[in-house]
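Student: First the structure, which I've put down as structure tokens, then a few questions once you've had a look.
Please treat every number below as a calculation from the coordinates, not as lab data. Because the structure is predicted, anything quoted here is derived from the model rather than measured. Cβ coordinates were reconstructed from backbone atoms using ideal geometry, including for glycine residues, and neighbour counts include every protein chain displayed.
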Amino acid sequence: MGVLLRVRSDTGEDCPISYDGRADPKLFCWAMSAYPDPQSEVARLLSFFHLDLEPFQHRTGEEYSLEQWLSPFFKPMGDWDDHSQEEKIQAWHVHQAEIEEAYLDPAAFLSALNPFIVALATRPTVYEEIGFTNPYFTEGGFLYHLQDLKREFEWAQSRGIKRVRLVIA
């Protein structure tokens, strides 16, 4: 599992992030990666507020060129050596299609994210109400990272970027 969740544009630009040490960004990546598992903290919060983060289910890993993908040192599926060149190329095309499918308008992410941020900010006791004891949530780290992620989407929108995707790296 990755350790950083970030926004990448279809122009190749990474949206600037401002992780400043208030909270560990790995915890944010792990929390968001667990969604949409109904037992995850994020899913439980969304359920409590009757919200959905559907666009956030469209996330991918890093993008690889065909040359990287075919490298004998690249092992995306475990024992990659047992696969034929044709199977590797076919898997790369699947990888490319998943990357392409993950791109959405920044507005789609913002329209799902904004109500969640508002709900959490206006009801800071929600974590205790549903039994969270993890300081990452109860001390504000999760909300801080959601707000930072929102700034990434807003940055993309302000630059006129039409498509972005979530990357777990």
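Student: Compute the angle between helix 141-158 and the longest alpha-carbon principal axis of the chain, please, reported from 0 to 90 degrees and rounded to the nearest 10.
Tutor: Once rounded, one gets 60 degrees.
Student: Let me ask something else. With a point put 7 Å past each Cα toward its Cβ, work out how far I130 is from E13 in nm, to one decimal.
Tutor: 3.4 nm
Student: Please compute the contact order of the chain in relative form: average sequence separation of alpha-carbon pairs under 8 Å and at least six residues apart, divided by the residue count, as a percent.
Tutor: Averaging sequence separation for qualifying contacts and normalising by length gives 44 percent for the chain.
Student: Kindly state, to the nearest 0.05, the FRET efficiency for A121 paired with H83, given R0 = 45 Å and r defined as their beta-carbon distance.
Tutor: FRET efficiency, A121 to H83: 0.40.
Student: Taking the Cα atoms of segment 28-107, report the difference between the largest and smallest coordinate on each principal axis, in whole Å and largest first.
Tutor: Sorted from largest, the Cα extents of segment 28-107 read 48, 27, 18 Å.
Student: For D24, which sequence-distant residues (separation of 5 or more, or a different chain) have an amide H within less than 5 Å of its own amide H, given hydrogens modelled in the peptide plane?
Tutor: Hits under the 5 Å cutoff: none.
Student: Let's test the formula: R0 of 30 Å, r as the Cβ-Cβ distance of Q90 and K26. What FRET efficiency results, to the nearest 0.05?
Tutor: Efficiency computed from Cβ-Cβ geometry: 0.35.
Student: With the crude spin-label approximation of a point 7 Å out along Cα→Cβ, what separation in nm comes out for L70 versus S47?
Tutor: 4.7 nm
Student: Still on this structure, please answer the following. Relative to the compact-globule scaling 2.2 N^0.38 Å, provide the ratio for the alpha-carbon radius of gyration of the chain.
Tutor: It is 1.14.
Student: Fewest Cβ neighbours within 10 Å first, please rank F73, F109, F56 accordingly.
Tutor: Fewest-to-most ranking of F73, F109, F56: F73, F56, F109.
Student: Considering the options A34, H93, G160, tell which one lies farthest towards the positive end of the dipole of the chain, charges being +1 on Lys and Arg and -1 on Asp and Glu at the Cβ, about the Cα centre.
Tutor: With unit charges placed on the Cβ atoms, the residue in question is G160.
Student: With only Lys, Arg, Asp and Glu charged, each at its Cβ (+1 for the first two, -1 for the last two), find how big the charge dipole of the chain is about the Cα centre; round to the nearest 20 debye.
Tutor: I would put it at about 620 debye.
Student: Taking the Cα centre of each part, how many Å lie between segment 33-48 and segment 98-169?
Tutor: 13 Å
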